[in-house]
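Novice: Encoded as structure tokens, here's the structure I'll be asking about.
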Amino acid sequence: MLPEIENSQTPGPRKRDFEFPGAPLSLDSPLYVPRSPVEEQIYQAVEKPGSVIRIQAPRRMGKSSLLTRVLAHAETLGYQVAKLDFQTADEAVFSHPDKFLRWFSSNVSWKLRLRPRLDDYWDSEIGSKVSCTFYFEDYVLEQSDRPVVLALNEVNLVFEQPEIAKDFLPLLRYWHEQSKQVEAFQKLRLVIVHSTEVYVPLQIHQSPFNVGLPIKLAEFNLAQTQDLARRYGLDWGNGEEEAVQLTALLSVVGGSPYRLSLAFYYLARGELTLAEVLQTAASPLGIYGNHLQDLLVTLQQDPNLKAALGQVMTQDRVAELDPIATYKLNSLGLVKLGEQGIELSCELYRRYFQSQFMPAGALQTAVTESLEPLQPEPVGVSTPVPVFAQDSILLGGRYCRLDQLGQGGFSTTYLAEDTHRPGNPQCVIKQLAGWFNPEDLADARRLFATEAQTLEQLGNHEQIPRLLAYFEQEDNFYIVQEFVLGTPLSQEMVNQPPWSGSEAIDFLLSILPVLDFVHQHQTIHRDIKPDNIMRRQRDGQLILIDFGVAKKLMRSSPTQPQRTVAVGTWGYAPLEQQQGHPQFNSDLYALGVTTIQGLTACPPDQLPRTDELELDWRSLADPELNPWLATLLEGMVKQNYQERYQSAAEVLADLRMITGYG
């Protein structure tokens with residue numbers, strides 16, 4: 001059982017008045033978490049004549065707080081400091097490059113306590129850029145007897161004005177080059193702060209974004225998150241206990257300093273427990289409500305941006321998007337850019353925007369590693385629009401595609417018919433995306449064959465769809481499975497009252513043997529939930545589907561499971577699975593949560609939790625519920641997997657004892 005969050009209810013920090021998160025942290029704020037060695041690198045760079053320092057991070061990642069400390073350090077060195085924020089510029093300033101450069105020069109003058117003398121240096125015959133350069137060289141920098149640190153904040157606003165950017169950004173690069181030979185420009189140190197990558201096309205020799213010291217602020221890691229929590233006065237026990245609490249928070253809100261600080265602020269004041277923060281995080285009435293509403297308004301004002309975010313949410317990770325949409329989403333902190341593609345920043349955003357943009361059931365929150373769901377559209381759900389009136393190319397020489405059932409980041413699912421069998425029976429075809437590099441094709445082929453072998457073995461159970469075929473065609477991989485006509489359990493739950501105890505027992509007695517069979521084949525399903533349990537129409541039998549995220553459990557040592565990609569669905573996946581260490585009893589947790597959902601008619605994200613993050617569901621179920629059954633379910637959904645039931649067979653044995661007692 002997880003340790004009690006003592007400071008959530010009786011925190012010491014109540015004696016202190018913490019500043020509300022959102023504004024840059026003052027120099028004397030105890031809440032600033034150093035990002036060593038970032039500060040040291042910048043402090044060294046700012047002492048170099050003509051240096052350029054580029055600080056890039058999405059909004060509310062701590063850029064301004066870092067900049068405050070950089071400028072303070074420069075002042076301790078006796079340097080002059082000028083900070084110019086492009087958010088303060090009127091819209092008219094961006095109407096013409098000449099107007100912009102005059103605004104820029106005048107503002108820097110005032111910041112350095114100089115009276116602007118633009119008319120003495122500005123000459124339309126030589127142009128704005130040359131005039132601006134003379135103004136800085138012969139007046140602004142000449143007036144100073146010491147180095148000048150010029151900090152430019154929110155430079156990304158210049159990116160949005162291509163005509164301005166094409167003049168201004170190369171000018172900054174030119175000044176940097178001039179520092180190698182012009183004494184005046186040796187005094188200048190440029191600190192450029194921006195919230196997204198530059199997306200204005202510039203010649204490589206004209207860009208200030210490929211010179212100097214590049215700093216990209218990353219999200220807080222676990223150690224930095226622990227540091228921040230302690231600065232708020234939160235003491236959650238020893239390092240291991242604290243790490244469990246913080247990992248649960250990080251899995252929802254990510255490592256954004258702002259989002260973490262907002263949680264710690266309310267926890268330190270004793271207004272919420274961690275369980276309450278996690279449960280209400282995506283609610284418009286929760287502590288992130290205003291933040292989420294601001295993002296929603298921004299997206300609604302830009303349909304292209306909204307569509308781009310929807311694409312990321314639907315596919316979990318995409319290789320590329322429209323460049324400008326990508327950079328804007330990254331600037332807002334909604335997506336992360338990595339070597340593997342573009343993905344959503346945190347689970348908080350997925351849960352909130354899924355409810356805002358997508359119809360119920362349209363998205364899975366699972367991050368699939370190889371295959372998406374293999375089931376057809378459930379009965380009662382609108383029929384997909386046919387995309388193939390008659391497919392002229394038979395897949396595998398025999399399968400004719402009829403409808404597209406779904407598409408994810410890694411595969412596309414089709415309803416098809418088998419033209420080589422009497423009556424052309426229907427089947428489901430999964431086509432894996434052909435994104436393999438030629439040198440990776442052999443490995444992809446081997447992994448594909450292993451996956452198919454797993455599905456072949458599992459399909460021997462009458463409650464798991466059979467594998468009919470798998471093949472490769474033109475460097476694309478295809479899996480053909482049995483078409484299961486039926487209704488998903490999730491739809492039944494919507495249309496029926498909460499389960500009785502006997503219905504819950506019948507459900508468990510039906511699914512536990514299937515799960516035991518799966519585990520005996522050394523496979524963890526990893527995405528058990530109502531959507532992935534179908535009631536077959538022809539016989540009413542429950543069928544376990546979507547083995548697309550199932551994985552063979554391969555151990556690097558007898559006791560240590562190998563870390564895998566964190567897959568599953570929020571609310572059903574236990575903590576160890578979210579951390580990439582799924583166990584066999586991770587499936588038991590998901591099955592227990594599904595059963596509790598049936599008994600309470602509450603999806604897992606609406607179920608209350610105790611301070612130890614255990615599900616607190618009994619008061620929502622039938623008061624006459626068999627207490628032995630309730631105890632069994634609680635043993636299935638323990639947060640600590642070591643305290644949970646260890647096998648499906650163990651649960652099944654206890655369940656049969658309960659039914660034996662009547």
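Just so it is clear, none of the values below were taken in a lab; they were calculated from the coordinates. None of the values given here were measured: they were computed from a predicted structure. With ideal geometry, Cβ positions are generated from the backbone for all residues, glycine too; neighbour counts draw on all protein chains shown.
Novice: Given contacts defined as C-alpha pairs under 8 Å and at least six residues apart, what's the relative contact order of the range 38-216, whole-number percent?
Specialist: In percent, rounded to a whole number, it is 37.
Novice: A further question on this structure: Looking only at the range 72-112, which residues have a backbone nitrogen under 15 Å from a spot 7 Å from the Cα of D145 in the C-beta direction?
Specialist: Answer for the range 72-112: 78-80.
Novice: Further question on the same structure: Given the Cα-Cα distance of D90 and Y174 and 0.36 nm per residue of separation, how much length would full extension add, in nm?
Specialist: Contour length minus Cα-Cα distance gives 27.6 nm.
Novice: May I pose another question? What does the extension gain come out to for E503 and K48, with contour length at 0.36 nm per residue minus their alpha carbon separation?
Specialist: 156.4 nm
Novice: Still on this structure, please answer the following. Compute the length gained on full extension between K99 and A319: take 0.36 nm times their separation in residues and subtract their Cα-Cα distance, giving the result in nm to one decimal.
Specialist: Here the answer is 75.3 nm.
Novice: Give me the net charge of S64's neighbourhood, meaning all other residues with Cβ under 11 Å from the Cβ of S64; Lys, Arg count +1, Asp, Glu -1.
Specialist: +3
Novice: Which shape class applies to the range 142-254: rounded if a/c is under 1.5, otherwise prolate when a/b exceeds b/c and oblate if not, where a ≥ b ≥ c are the square roots of the Cα gyration tensor eigenvalues?
Specialist: prolate
Novice: Now, a different point. Across the range 523-531, in residue order, what do the Karplus-derived ³J(HN,Hα) couplings come to in whole Hz, using 6.51 cos²θ - 1.76 cosθ + 1.60 with θ = phi - 60° and x for Gly and Pro?
Specialist: Per-residue couplings from phi come out as 10, 9, 5, 6, 8, 6, 6, x, 5 Hz.
Novice: What ratio of Cα Rg to 2.2 N^0.38 Å holds for the range 291-357?
Specialist: The value comes to 0.98.
Novice: If you filter the range 242-281 for chymotrypsin sites (Phe, Trp or Tyr not before Pro), then keep DSSP loop positions with at most 15 other Cβ within 10 Å, what is left?
Specialist: Here no loop site has a sparse enough neighbourhood.
Novice: Amide H to amide H, which residues 5 or more places from Y79 or on other chains are under 5 Å from it, using H placed in the peptide plane?
Specialist: Answer set, sorted by chain and number: none.
Novice: Can I ask one more? With 32 Å as the limit, write out which pairs from K111/K328; K216/K638; K83/K328; K63/K166; K180/K328; K63/K187 have Cα-Cα distances beyond it, or answer none.
Specialist: In this structure, K216/K638; K180/K328 lie more than 32 Å apart at Cα.
Novice: Moving to a separate point now. Sorted from largest down, give the three principal axis spans of the alpha carbons of the range 620-662, whole angstrom values.
Specialist: That gives 29, 25, 10 Å along the principal axes, largest extent first.
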